[in-house]
Amino acid sequence: MPALTDPVDIGGVTVPNRLYRAPLLECAGNGPGAVDQLIRELEPTAASGVGLIFQGASIVTPEGGCAAPNMTRVHDPEFVARCERLTDRIHDHGSRIFIQLGHGGIRSLGLWHAEHDAGPQPAVSRPPWQLRLADRTGLVDLKPDVLSTREVEELAEAFGRAAGYAADAGYDGVHLSGANMGIVQQFLSPHYNRREDRFGDGVEFLLAVRDAVRSQAGPVPLVTKVPAETRAPPFVGRSLSRRDGRRIARRLADAGFDAVVPVEVSVYWDTSVVRGRYPSQAWAAEGLQDDYAAAFGGRLRARTVQALTWLDAHRNPPEPGWNARFCREVREAVDVPVLCEGGLRGRGQCESLLGEACELTGMGRPFYAEPRLGARLLGGGGREGDGGEQRALCESCNNCTVPQVTGEPGRCRTAAVVRERGRLERDGAYEGKD
């Protein structure tokens with residue numbers, strides 16, 4: 001069985017080990033300091049020895065498509081060219097960096113954020129009745145603009161252009177944001193896609209993106225998330241099953257995708273993608289109350305969202321490796337590397353999945369808590385958890401994620417975790433290969 005420290009190939013690119021940083025929000029935007037912010041966020045992870053880093057969802061169009069404040073856009077070749085400073089720094093540490101490309105479709109800031117009105121939201125089809133009802137009751141601000149066949153083709157071309165800019169800037173591969181209710185999931189999901197043209201088969205959109213990426217970026221490794229909507233609320237009708245996900249993954253692997261990331265999600269954008277405890281410290285933070293009210297359109301609406309978050313936390317409790325079963329099923333169906341993420345916290349957990357459910361294992365939120373986590377997991381330094389295995393400090397409390405709705409950067413806000421990280425830093429636990 002492979003070890004976490006063993007190298008692995010993805011589409012002809014050799015990754016020095018099998019631990020990766022899953023895509024997160026870097027909240028860097030596109031301003032003068034954006035590249036410096038990306039370097040501050042990502043270089044420490046490379047310096048700690050992590051083999052593969054995914055830069056978080058970067059939007060391929062000049063307007064619309066952002067699901068949260070301060071997301072980075074990559075439609076501008078001049079901006080992406082400046083990211084060569086980032087890729088050079090990652091490569092200096094021997095790591096590889098893939099950029100995640102995405103678009104929110106109807107899941108945009110204008111849908112839910114009271115301070116943002118980005119105009120019409122590109123829609124795969126007429127939105128389902130559940131969202132139309134939420135719009136009529138004032139819970140969301142739905143302004144769908146159903147894409148024509150030509151507009152879908154143009155969107156696929158936008159993905160290809162961004163991939164070409166990224167390859168020129170030294171990125172080692174491309175990762176498509178295929179979950180979190182983004183445009184790719186909207187094309188794949190029968191809950192959203194009722195088109196009557198060829199894109200009624202949502203995989204056809206991914207194949208159009210593949211063609212555009214190959215045209216603009218050449219043989220750069222191409223990875224995508226493959227969703228299964230197993231966390232759909234009971235009032236949702238048809239949604240993507242794991243069986244559907246296996247079928248989609250097989251088609252994509254046969255069509256030349258170089259790796260897949262199977263994930264179990266909801267049809268909606270909720271905490272099923274970051275399962276954890278209720279983030280009480282984040283919601284109670286005194287300095288964020290005005291910002292929450294501004295984001296959600298008043299204190300009453302903010303409290304309503306807070307209550308929904310509490311319910312979500314009880315529906316989606318933490319579960320180590322919650323995507324592992326789906327990954328096993330997909331791995332039996334494809335002959336390309338499978339990447340597994342979701343609730344993994346210990347080296348032993350990761351290595352128990354390698355060669356059995358996946359080829360690489362990833363973590364996301366733990367890198368908010370410990371940017372140099374790789375030094376402990378790969379090198380064996382620092383505090384051990386139950387059974388003597390090296391474990392991340394992250395408590396899956398989501399105090400790092402909720403403030404991002406206000407534009408705050410992702411960072412650990414759990415006092416006990418921050419104190420323990422400080423102790424480990426003083427003890428030299430993060431002194432990795434560099």
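Every number in this text was worked out from the coordinates using simple rules, so none of it is lab data. Every value quoted in this text rests on a predicted model; they were computed, and no experiment measured them. Positions of Cβ are backbone-derived with ideal geometry, glycine not excepted, and every protein chain shown enters the neighbour counts.
Values as computed for the structure displayed
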item	result
Point-to-point label distance, Arg411-Leu133, nm (Cα→Cβ direction, 7 Å offset)	4.2 nm
Difference of contour (0.36 nm per residue) and Cα-Cα distance, Glu431 to Glu151	95.8 nm
Potential extension, Asp92-Glu332 segment - 0.36 nm per residue separation minus Cα distance	82.8 nm
Cα-projected label distance for Ala81 with Ala114, points at 7 Å along beta-carbon direction, nm	4.3 nm
At q = 0.17, 0.24 Å⁻¹, base-10 log of I(q)/I(0) for the stretch 188-243 (Debye sum, equal scatterers on each alpha carbon)	-0.68, -0.99
Amide H contacts of Cys358 (H built 1.01 Å from N, under 5 Å, at least 5 apart or other chain)	none
Kirkwood-type radius of the stretch 104-172, with distances r between different C-alpha atoms, in Å	13.7 Å
Within the chain: Cβ-based charge dipole about Cα centre, in debye rounded to nearest 20 (Lys, Arg +1; Asp, Glu -1)	1140 debye
Computed [θ] at 222 nm, deg cm²/dmol, the chain (DSSP H ≥ 4; -39,500 (n - 2.57); rounded to nearest 500)	-11000 deg cm²/dmol
Value of Rg to Rh for the chain (Rh from inverse mean 1/r over Cα pairs, i.e. Kirkwood)	0.94
Most to least packed among 71-82, 341-352, 213-224 [average Cβ atoms within 10 Å]	341-352, 213-224, 71-82
Extension gain (nm, one decimal) between Arg40 and Glu420, 0.36 nm per residue minus Cα-Cα	134.7 nm
